[in-house]
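Undergrad: Quick one: the structure is below, questions incoming.
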Amino acid sequence: MKTRVTETLGIEYPIIQGGMAWVAEHHLAAAVSEAGGLGLIGGANAPGEVVRDEIRKARELTKKPFGVNVMLMSPHAEDVAKVVVEEGIKVVTTGAGIIPANYMSMWKNAGIKVIPVVASVAQARLMEKSGADAVIAEGMESGGHIGETTTMALVPQVVDAVSLPVIAAGGIADGRGIAAAFMLGAEAVQMGTRFVVSKESIVHQNYKDRLIKAKDIDSTVTGVSHGHPVRCLRNKMTREYLKLEQEGKSFEELEYLTLGTLRKAVMEGDVENGTVMAGQIAGLVQKEQTCKEMIEEMMAQAETLLSRK
Ligand code: TUI
């Protein structure tokens, strides 16, 4: 399936893997790229040198292109922004903020394709004006840090507002979701939750099992009252957080409570006291498969649906 996104990025299938904190490391990124999608290394809150090391390790596993996600709220964002240039990365996605002008000019001068995640039409317009090559319109069905609008409502409005190619994200985990996104005008999709349970994903087995067991209504959103909404699966951690949030605890106190909790869930498998970020589509994710199996199954399903008369 050829689109402006597959052509610009030089990939076979219009599927991008989300740049998930702790999860999107070199094994996963290389596996998605090897399977014909675009793998991403998630910079998250990691120092520049850690990201450099991840990039080099991914290069040992694949000759195909992969990208890096720069999480703009990270204290190391500027270092990571420089590392991607030094390492000759060709695609950068960004999340959780608006790209500063100096990063944009540095990346464009290096010939990097810049693809910001946006959660509104206004952000998409701003990114188009700033020189982005495409935008990822991410609905609030997504896991992790989210905006307020659903994928179904956001994608067609962003498609109408910009002439850049639009990539849909949020609530997509199979061929039906891909076909639906294309119907809304998207030219590719970004998926996170489904790839978390891939065989190549290094997340703790408890995290994968929790996702596979999850039902449609199992996620919740913390931090809404402080303007930092994060979607994750309900557990002891979220119950505690939401109780304190309701009691009016400050953002700083609540932040302290979540320090290191994503790592605790992803790496140590503590899915009760840790933060189990996942999208609303977790209920659809049923089994562990290789990235190649996932991508081929989803593309076959999407192509059948899209070619129906
Ligand atoms: O960035 C994400 N998802 C994330 S980042 C993340 S890191 C984290 N770790 C622990 C606790 C909390 C966060 C986890 N998940 N998705 C992309 C995304 N970007 N969603 C929403 C946005 C966004 C938000 C605001 C993009 C631009 C923006 O602009 C702000 C403005 O001033 O308009």
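Undergrad: At a 10 angstrom cut-off on C-beta neighbours, averaged per residue, how do the peptides 108-118, 11-21 rank from highest to lowest?
TA: Top to bottom by mean Cβ count within 10 Å: 11-21, 108-118.
Undergrad: In nm, to one decimal, how far is the residue 300 label point from the residue 152 one, both placed 7 Å along Cα→Cβ?
TA: 2.9 nm
Undergrad: Still on this structure, I have one more. How high is the relative contact order of the stretch 201-309, given as a whole-number percent (alpha carbon pairs under 8 Å, six or more residues apart)?
TA: Details: 128 pairs, mean separation 37.2, N = 109.
Here the relative contact order equals 34 percent.
Undergrad: Further, regarding this structure: Using the Cα atoms of the chain to build a convex hull, what is its mean projected area in square nanometres?
TA: On the way: hull surface 57.6 nm².
Averaged projected hull area, Cα only: 14.4 nm².
Undergrad: How much accessible area per residue does the stretch 215-277 have, counting only protein heavy atoms and a probe of 1.4 Å, in square angstrom?
TA: Result: 56 Å² of accessible area for each residue.
Undergrad: Once Lys and Arg get +1 and Asp and Glu get -1 on their Cβ, which of 119, 152, 74 lies farthest toward the positive end of the dipole of the stretch 52-203?
TA: Working it through, the farthest residue towards the positive pole turns out to be 74.
Undergrad: Can I ask one more? Could you work out the relative contact order of the chain? I mean the mean sequence separation of Cα pairs under 8 Å and 6+ apart, divided by the number of residues, in percent. Walk me through the numbers before you get to the answer.
TA: Values: 678 pairs, mean separation 51.0, N = 309.
Rounded, it is 17 percent for the chain.
Undergrad: Working only with C-alpha atoms, what are the Rg and Dmax values of the stretch 215-277, expressed in angstrom?
TA: Cα radius of gyration and Dmax of the stretch 215-277 are 11.1, 31 Å respectively.
Undergrad: Rounded to the nearest 0.05, what FRET efficiency do residue 243 and residue 209 have when you use their Cβ-Cβ distance and R0 = 25 Å? Intermediate results must be reported in sequence, preceding the final value.
TA: On the way: r = 26 Å, r/R0 = 1.04.
Once the sixth-power term is evaluated, E becomes 0.45.
Undergrad: Then there is this: Calculate for the chain the 222 nm mean residue ellipticity that helices alone would give, adding -39,500 (n - 2.57) per DSSP H run of length 4 or more and normalising by residue count, nearest 500 deg cm²/dmol.
TA: On the way: 14 runs with 134 residues, N = 309.
Mean residue ellipticity at 222 nm (helix-derived): -12500 deg cm²/dmol.
Undergrad: A further question follows. At a 10 angstrom cut-off on C-beta neighbours, averaged per residue, how do the peptides 77-85, 62-70, 131-139 rank from highest to lowest?
TA: Result, highest mean first: 131-139, 62-70, 77-85.
Undergrad: Further, regarding this structure: Between residue 236 and residue 73, what FRET efficiency comes out of the Förster formula 1/(1 + (r/R0)^6) with R0 = 41 Å and r the beta carbon distance, rounded to 0.05?
TA: Using R0 = 41 Å, I get an efficiency of 0.95.
Undergrad: Given a Förster distance of 25 angstrom, what is the FRET efficiency for residue 85 paired with residue 60, based on the Cβ-Cβ distance and rounded to 0.05?
TA: Given R0 = 25 Å and the Cβ-Cβ separation, E is 0.75.
Undergrad: For the stretch 49-158, what is the Kirkwood hydrodynamic radius in Å, using each pair of distinct C-alpha atoms?
TA: Averaging 1/r across every pair of different Cα atoms and inverting gives 14.6 Å.
Undergrad: Same structure again: Once neighbouring chains are kept in place and the probe is 1.4 Å, which whole percent of the accessible area of the chain is contributed by carbon and sulfur?
TA: C and S fraction of accessible area: 53 percent.
Undergrad: Under the 0.36 nm per residue contour assumption, what length would be gained going from the current alpha-carbon distance of residue 253 and residue 125 to full extension?
TA: So the extension gain works out to 42.6 nm.
The values are calculated or read from the model by the stated rules, or taken from the named source; none is laboratory data. Treat the numbers as computed from the prediction; the structure is a model and nothing was measured. Methodologically, a virtual Cβ is constructed for each residue, glycine included, from the backbone with ideal geometry; neighbour enumeration extends over all protein chains shown. Surface accessibility is based on the protein's heavy atoms, side chains included, excluding ligands, DNA and RNA. Shrake-Rupley method; radii C 1.70, N 1.55, O 1.52, S 1.80 Å.
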